[in-house]
Amino acid sequence: MSPRSLLMESIAVLCGAAIGLLVVNALHWLFADGDFFALTVSLGRAALAIVTVALYAVWYRLLPQTPAALAAFFTGVLLPTVIVLFSYDVPLATTTVLLLYTAFSVVSLLTYRFVLSNAAVREAVSEAAPGGGGSFPPQ
């Protein structure tokens, strides 16, 4: 794995975690009467989101596309749900937490794949450019 692809993978993980966390916090605020600011600045929730989306990267490295997508989706739902229910003091029902983290899983997985595919396209175009390895967009 080249340093550039490692950097792009890291950016995709951070983007997926950040956008997914913002969406789940907004849904928690809208439907479960949570404090959006307190949820957003929680380091534990941010770390959980980053670890969860980093596991997406592991699944996509180890498995073919479809099994990796399924494994990533269920990891995004089950891992945060179990940790939130057993580690944090949340007054929400289990079904509510499952629904919140289903939304997190979908949004973070789509964001991760979008950012990563955009990075892959940019890398392929820069390698195919005359002179190979040029800058993108061409100047």
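The values are calculated or read from the model by the stated rules, or taken from the named source; none is laboratory data. Computed from a predicted model, the values in this text were never measured in an experiment. Backbone-built Cβ (ideal geometry, glycine too); neighbour counts: all protein chains shown.
How many of the residues making up segment 105-120 are over 20 Å from VAL51 (Cβ atoms) and of a type in the set (Gly, Ala, Ser)? So the answer is 3.
Which residue, of LEU62, LEU22, LEU39, LEU43, is surrounded by 15 or more Cβ atoms within 10 Å (Cβ to Cβ), of a type in the set (A, V, I, L, M) and more than 14 Å from the chain's Cα centre (by Cα)? The match here is LEU39. Just so you know, in segment 68-87 the residues that are over 16 Å from VAL23 (Cβ atoms) and β-branched (Val, Ile, Thr) include one that is surrounded by the fewest Cβ atoms within 10 Å (Cβ to Cβ), and it is VAL82. Checking each residue in segment 5-63 for being modelled with pLDDT of 90 or more, among the charged types (D, E, K, R) and within 21 Å of THR96 (Cβ to Cβ) picks out only ARG45.
Residues that are closer than 17 Å to ASN25 by Cβ, of a type in the set (Ser, Thr, Tyr) and surrounded by fewer than 18 Cβ atoms within 10 Å (Cβ to Cβ) within segment 88-101 comprise TYR88, THR96, listed in sequence order.
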